[in-house]
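Heads up: the structure comes next, in structure tokens.
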Amino acid sequence: MKALTANRLIDGEVVFWRAGQWIEQFPQAQFFADDDAAAEAALETGKAQPTIVVDAYLIDVVEAPGGYAPVSYRERLRALGPTNEPTHGKQAAGGAGVEAILAATGAARSTGRVDLIRRK
């Protein structure tokens, strides 16, 4: 599964794609099958909105207990908002979607990070 994410230009907020618009909550994001052409179309639409969002890209998503969660730890942090305190950011809203992200286990490393480690 995949989801489209970006940062909103006006305030830097992490946003997710859903049915042609950007939303702030990951659990309400639109999820695409890995081979879904609609994911690439959404990505192209997101990249074509430089006055609304920056750095639009697809992230890997897996089914977690109670919903879906990003595969990588970095994307889980972005989906939860600031993690300095559980009463701040998107995690403060709570609910099944936030619980699913918090319950997700494992983390994928990016290829770039693995290559950087290998060079040392």
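Residue-level analysis places GLU24 outside the set of residues that are without any contact (Cβ under 8 Å) to a residue 60 or more places away in the chain and of a type in the set (D, E, K, R). Looking only at the stretch 1-56, how many residues end up being of a type outside the set (A, V, I, L, M, F, W, C) and on the phi > 0 side of the Ramachandran plot? So the count comes out to 3.
When restricted to residues that are part of a loop (DSSP other than H, G, I, E, B) and either buried (at least 18 other Cβ atoms within 10 Å of the Cβ) or at pLDDT 90 or above (or both), the stretch 73-84 contains 1.
Conditions tested, residue by residue: (1) in a loop (DSSP other than H, G, I, E, B); (2) more than 23 Å from LEU102 (Cα to Cα).
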{"residue": "VAL15", "(1), (2)": "no, no"}
{"residue": "LEU43", "(1), (2)": "no, yes"}
{"residue": "THR51", "(1), (2)": "yes, yes"}
{"residue": "LEU58", "(1), (2)": "no, no"}
{"residue": "TYR68", "(1), (2)": "no, no"}
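Can you find even one residue in the stretch 27-34 that is surrounded by 15 or more Cβ atoms within 10 Å (Cβ to Cβ), touching a residue at least 60 places away in the same chain (Cβ under 8 Å) and not small (Gly, Ala, Ser)? Within the stretch 27-34, one or more residues are surrounded by 15 or more Cβ atoms within 10 Å (Cβ to Cβ), touching a residue at least 60 places away in the same chain (Cβ under 8 Å) and not small (Gly, Ala, Ser).
The values are calculated or read from the model by the stated rules, or taken from the named source; none is laboratory data. All values derive from a computational prediction rather than experimental measurement. As a convention, Cβ positions derive from the backbone with ideal geometry for all residues, glycine included, and neighbour counts pool all protein chains shown.
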